[in-house]
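Step one of this worksheet: look at the structure below.
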Amino acid sequence: MTALSLDRNMLDMRRGACPALSAPMMTGDGLLARVALTDAITPAQLAELCRLARRHGNGILDISARGNLQVRGLSETSAPLLDAEVRALNLPLRDGLAVETPPLAGIDGTEIADPRPLAEAIRQGAREIIGLAPKMSVVVDGGGRLRLSDLLADIRLVAVCADEGVRWMLLLGGTEATGRVFNVLRETEAVSATLAALRKLGEMGARARGRDLAAGLPANGAPGLPASPFGAFRVSDSLFAAGIGPTFGQTNAENLIALCGEAERLGIQSLKPAFDHSLLFFATQSACEALAAFAANNGFVTSPSDPRSAIAACSGSPACNSAAIATHELAARAAQDCGDLLDGSFKLHVTGCTKGCAHPEPSALALCGTAAGLSLITQGKAGDEPFASVAFADTNNSLRRIADLVRDERRAGENSAACLARLGPRRLAAAVMSGRP
Ligand code: SF4
């Protein structure tokens, strides 16, 4: 697709539409274009991207839950210009099918296997496959410190240690926990089985997804809580990383340019956008720690214990026309008032409407804006049946009552997610209603 092919199909706000660099999607604040990278870039290159976002868009950038950069507020005239100027930067842009690997793939001494050769073989093999859904994604996860377990994938290959050596578990649909186990295979078999599944999905049409091949297969089960990308940590003997993220995945170009400037000043030469709305900067321990301190002082999330990192909030009002609430304001207040509830065991989903862009999977607790106020949902998606509905004015009190209930009822060793699940919708509804006329 060319830069100028912004036909109406690309400009609608259909559910599931996937913004890409050359095919941006309409949102409440204009067109949104995605810059998906396959490798690290320099801080200077990210700063240049930010300048382009300021020149052609409204200067707001997202780092998505999957670790893609998104430029907001483009027009039909400026989107093709952004496309051309980003391409002229010669960045490692992803082309074709989304085949994702963990951000530390190939440099993480604790991974079971380097997933990059498999990912590349699948990317190459998939070039000739036509008819796939626009949002089709393959995850190849070699294990290690930072896993992609919580990302949805149509097809997922997960490295496992077997007596005979490394094998790859092929899962269909869902997250690593909810995906269905197709088989456990050798490396070459894993590539050909993945390509065969993609061919079958292509033949089934552009609406077919990985889960459509999974009927009757068993779910994999929970792999445990994946590690957070935030904070400064050791990657190998000589390499550290600093995981830094803008609040709720969104920032303005100036803030990001300042962060990149400081990274350059500290001699940092390499960074990758990563999952959970993060940026991983790679350097020495002292440079990573100094950059994390600078970022913390400038409002970025720099620690897994920061309650903001436990909230998935969509753009909300005023950025999105569909939003009934200012999600970021609400989420900031929740982080401030309910840090004890936000222990990292679940993502508090704060969404401006039932589409639930920020968290397509069910959440232990979701707050969804409606015309009348707010719906509260437990163990569900934004559009699922709420256990309570409250007026805007009652939002903070309601959330505080839930946090108080969890604090009082929490059993020894129990995290917030498990406690919320045990309490269930009736107890949560009773807590929300308590103290109300
Ligand atoms: S979930 Fe949020 S960002 Fe997505 S359409 Fe609704 S209000 Fe807009």
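Taken about its Cα centre, the chain carries a charge dipole of about 900 debye when Lys and Arg each add +1 at the Cβ and Asp and Glu each add -1 at the Cβ.
In the range 308-433, what % of DSSP beta bridges are antiparallel (nearest 5)?
In the range 308-433, DSSP labels about 55 percent of beta bridges as antiparallel.
When the accessible area of the chain is split by element with a 1.4 Å probe, what percent falls to carbon and sulfur? It is 51 percent, rounded to a whole number. The residues of the range 308-433 have, on average, 42 Å² of accessible surface per residue, using a 1.4 Å probe with all protein chains present.
What order do you get for 414-426, 170-182, 210-222 when each peptide is scored by the mean count of other beta carbon atoms within 10 Å, highest first?
The most tightly packed comes first, giving 170-182, 414-426, 210-222.
Of all beta bridges that DSSP places with both ends in the range 104-213, some 75 percent have antiparallel geometry.
Summarising the strand pairing of the range 35-174, around 65 percent of its internal DSSP beta bridges are antiparallel.
Just the number please: accessible area per residue for the range 80-182, 1.4 Å probe, all protein chains included, in Å².
Working: 4130 Å² over 103 residues.
Result: 40 Å² of accessible area for each residue.
Distance from the Cα centroid of the range 355-397 to that of the range 234-288 is 33 Å (rounded to whole angstrom).
With a cut-off of 19 Å, note down the residues of the range 223-238 whose backbone N falls inside the zone around a label point 7 Å from the Cα of A293 toward its beta carbon. Those under the cut-off are 231-234.
The residues of the range 215-289 expose on average 40 square angstrom of accessible surface per residue, using a 1.4 Å probe on protein heavy atoms. Computed over the chain, the P(r) tail beyond 43 angstrom holds 10 percent of alpha carbon pairs. Pairs with C-alpha atoms separated by more than 22 Å, drawn from the list K347/K381; K135/K200; K272/K381; K200/K355, are K272/K381; K200/K355. A DSSP coil position with no more than 14 other Cβ atoms inside 10 Å describes the following trypsin sites (Lys or Arg not before Pro) in the range 14-117: R14, R15. The modelled label-to-label distance between K200 and R422, using points 7 Å beyond Cα along the C-beta direction, is 4.1 nm. Values of log10 I(q)/I(0) for the range 308-433 across q = 0.09, 0.13 Å⁻¹ run -0.20, -0.43, by the Debye formula with one identical scatterer at each alpha carbon and no solvent.
Here the sum of -39500 (n - 2.57) over DSSP H runs of 4 or more residues, divided by the residues of the chain, equals -9000 deg cm²/dmol at 222 nm, to the nearest 500.
The values are calculated or read from the model by the stated rules, or taken from the named source; none is laboratory data. Note that this is a predicted model, so its numbers are computed, not measured. Glycine gets a Cβ as well: all are built from the backbone with ideal geometry, and neighbour counts include every protein chain shown. Heads up: the accessible areas ignore ligands, DNA and RNA and are worked out on the full protein's heavy atoms, side chains in. Shrake-Rupley method; radii C 1.70, N 1.55, O 1.52, S 1.80 Å.
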